[in-house]
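What follows is a single structure, written as structure tokens, with notes after it.
The values are calculated or read from the model by the stated rules, or taken from the named source; none is laboratory data. What you see is a predicted model; the values in this text were computed from it and never measured. Here Cβ is always computed from backbone atoms with ideal geometry, including for glycine, and neighbour counts include all displayed protein chains. Just the protein is used for accessible areas: all its heavy atoms, side chains included, with ligands, DNA and RNA removed. Shrake-Rupley method; radii C 1.70, N 1.55, O 1.52, S 1.80 Å.
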Amino acid sequence: NKLIIYDGEFVVNSGNGELLGKSLKSDGNIFINNGKFELVSNDDCIHTNKSFMINKGFVNVTSLDDGIHSDDSIIINDGIIYIDALGDGIDGNGSVIINNGKIYIDGNANDGNSVIAYDIDFFVNGGSVIAVYSGKMKQEISDKLKLYSISFDLEKAYNGEMKLLDKN
């Protein structure tokens, strides 16, 4: 069993009230080769019991649990991905590998979740990842030699504007 999507436009709003619903679910692998996805779920938005791979596409996820969850690895080769999740933004129970693309994650305030959670490794080989959250569970990039990263903690909630400026 696997779910393979080559192209198309998908709008899925799953789960209501006490019924839990995942927007995309497979007991096998999920492969997205292209397409536009607007997904809203009161459970994991995208959930696979195996691996998840996206090669290209636009994905906008709003989830009351994990944005993208894989019981194995997650590979992002390209695409534009927006995730707003109360659970983990990206949750790979194997490795999380980002080779290219633009990934934006608005994280949670729950202490048991992270914007990017993984069990083995987290590599960013290209592309850009912007992940913001206010929780206490933070996992770092496995190999920082190939990229720039900024990580900081705030002692309490901050409602002001933050600016990241270069030396000029």
Note on the stretch 1-134: alpha-carbon gyration tensor, axes a ≥ b ≥ c; rule is a/c under 1.5 for rounded, else prolate if a/b larger than b/c, else oblate; result rounded
How about the stretch 1-106: which trypsin sites (Lys or Arg not before Pro) there are in a DSSP loop, with at most 12 other Cβ atoms within 10 Å of their Cβ? LYS2
With DNA, RNA and ligands ignored, accessible area of LEU86 (1.4 Å probe; Å², nearest 10): 80
Which whole-number value in Å² is the accessible area per residue of the stretch 1-117, probe 1.4 Å? 43
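Taking the Cα centre of the stretch 10-92 as the origin, how large is its charge dipole in debye, to the nearest 20, when only Lys and Arg (+1) and Asp and Glu (-1) carry charge on their Cβ atoms? Walk me through the intermediate numbers first.
Details: 5 positive and 13 negative charges, 81 e Å.
With Lys and Arg at +1 and Asp and Glu at -1, about 380 debye.
Checking the table LYS22/LYS163; LYS22/LYS56; LYS56/LYS167 against a 30 Å threshold on Cα-Cα, which pairs fail? Don't skip to the answer; put the middle values down first.
Details: LYS22/LYS163 36 Å; LYS22/LYS56 21 Å; LYS56/LYS167 34 Å.
Violating the 30 Å Cα-Cα cut-off are LYS22/LYS163; LYS56/LYS167.
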Classified through the alpha carbon gyration tensor (a ≥ b ≥ c as square roots of its eigenvalues; rounded if a/c is under 1.5, else prolate when a/b is larger than b/c, else oblate), the stretch 23-70 comes out oblate
